[in-house]
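A.B. asks: Got a structure here, written out as structure tokens. Questions coming.
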Amino acid sequence: MAFGFKGGIGTSSRRLPPKLGGYTVGVLVQTNVGGVLTIAGAPVGRELGRYYLGEELEPEGSVTDRGNGSVMIVVATDAHMDARNLKRLAARAMLGVGRTGSAGSNGSGDYAIAFSTAPQVRIRTEDKALTRHIEVLTNDAMSPLFLAAIEATEEAVYNSMLRAETMIAHGHTVEALPIEKTTEILKKYGAIK
């Protein structure tokens, strides 16, 4: 479930310009989140009447979103980063989830992991040396990668919902996000033309 609708797997990526290293950041999310779905600043969940604490905040609200769930995020990059900065990159993915309106409720067990495919940072078990020299990005080089992770995570969440289909199993129906209504809401709020 994602914001009271069918969630699933979503992906997205960003590539930095050459002057910032030309690195790629790719994100895979498994959405299972609650909150008030927000797309490009438009309160989609509120407009559709499906959002966490809907009944408590507005008597007409529909409580199909209990706010619970655990989003899982995998961030991959080709930037040569050490474990410390990979941990920092993974943490930024949660900011992308927050942009979508996630409440991060008490029942959430959200987590993100990040890894680098850069050959410079690979740990080789056949190397028996007691020390090794690796070249990694400095902290000052991280901000563009952080922004890439945030943006790619946000988009991956939306992609997981926009590609989901209504599902019926064990006597329960989980509806997909209504694309036409969502498009109307985004137009109403000037998010798209």
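A.B. asks: In the set E165, E154, E184, which member is at pLDDT 90 or above, of a type in the set (D, E) and in contact with a Gly (Cβ under 7 Å, 6 or more places away or on another chain)?
C.D. replies: Exactly one residue qualifies, and that residue is E154.
A.B. asks: Across the range 76-107, what is the number of residues that are open to solvent by less than 50 Å² (accessible area, probe 1.4 Å), touching a Gly at 6+ places or on another chain (Cβ under 6 Å) and either part of a helix (DSSP H, G or I) or modelled with pLDDT under 95 (or both)?
C.D. replies: Number of matching residues: 3.
A.B. asks: What tally of residues in the range 157-175 results from selecting those that are in a strand (DSSP E or B) and of a type outside the set (A, V, I, L, M, F, W, C)?
C.D. replies: Total satisfying the criteria: 2.
A.B. asks: Let me ask something additional. Among the residues in the range 97-108, are any closer than 18 Å to V27 by Cα and of a type in the set (A, V, I, L, M)?
C.D. replies: Yes, because at least one residue in the range 97-108 is closer than 18 Å to V27 by Cα and of a type in the set (A, V, I, L, M).
A.B. asks: I need the full set of residues from the range 34-63 which are of a type in the set (V, I, T) and modelled with pLDDT of 55 or more, in order please.
C.D. replies: V36, T38, I39, V44
A.B. asks: Only one of (1) assigned to a helix (DSSP H, G or I); (2) open to solvent by 30 Å² or more (accessible area, probe 1.4 Å); (3) not hydroxyl-bearing (S, T, Y) fails for A149. Which number is that?
C.D. replies: (2)
A.B. asks: Suppose the filter is charged (D, E, K, R) and either exposed (fewer than 12 other Cβ atoms within 10 Å of the Cβ) or touching a Cys at 6+ places or on another chain (Cβ under 6 Å) (or both); does R124 pass it?
C.D. replies: For R124, the condition - charged (D, E, K, R) and either exposed (fewer than 12 other Cβ atoms within 10 Å of the Cβ) or touching a Cys at 6+ places or on another chain (Cβ under 6 Å) (or both) - is met.
The values are calculated or read from the model by the stated rules, or taken from the named source; none is laboratory data. Worth saying up front: this structure is predicted, and the values here are computed from it rather than measured. A quick note on method: Cβ atoms are made from the backbone with ideal geometry, for glycine too, and the neighbour counts reach across all protein chains shown. For the accessible areas, the whole protein counts, side chains as well, though only heavy atoms, and no ligand, DNA or RNA atoms are used. Shrake-Rupley method; radii C 1.70, N 1.55, O 1.52, S 1.80 Å.
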